[in-house]
Amino acid sequence: MRPARFQDFVLDLIKNSADVTRVQTLAEAGDSEHPFGLAIATSSGESRWQIIGQLADGEKHDDPDTPVADGVFQAPWPEPAAGDHEGWLATALVRAESPEIKEIIRWSTRPDDATKHGMTVHFHNGSKAFVRKL
């Protein structure tokens, strides 16, 4: 899933979430520096997320963004703590049960990256989305 389609997927997924008061693309929020991303406002405050994509091996930008569904990512997923924007967003993606998502790795839970906030979303077609908190 490429960044533009992933951005639309996430925006549509969370816009009606109970705790969300506003969600918009970074462009709509006035950010012209990052081509893809979201500004999400909840009762815990606003968080901004840049989305960067990595194509699957052998894939070219001219190729169509063809969805590959191969089962739903399932893993034990703890409830995020209050104010944990990374955990909240990752949990929303897990609960979406997208058959295109193969795995989600939160950066703050990795021993060597505990101060970095974001996640890597692996897709079944071999592509990745890097979702970095700004």
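Note on the stretch 95-110: residues that are farther than 21 Å from THR66 by Cα and under 13 Å from the mean Cα position of the chain (by Cα) total 4. Among the residues making up the stretch 73-106, those that are hydrophobic (A, V, I, L, M, F, W, C) and either in contact (Cβ under 8 Å) with a residue 40 or more places away in the chain or within 17 Å of ALA129 (Cβ to Cβ) (or both) are PHE73, TRP88, LEU89, ALA90, ALA92, LEU93, VAL94, ALA96, ILE101, ILE104, ILE105. Residues that are assigned to a loop (DSSP other than H, G, I, E, B) and surrounded by fewer than 19 Cβ atoms within 10 Å (Cβ to Cβ) within the stretch 96-124 comprise GLU97, PRO99, ARG110, ALA114, THR115, LYS116, listed in sequence order.
FYI, it's all coordinate maths here, none of it is from the lab. Remember, predicted model here, so these are calculated numbers, not experimental data. Here the Cβ is made from the backbone with ideal geometry for all residues, glycine too, and neighbour counts use every protein chain on show.
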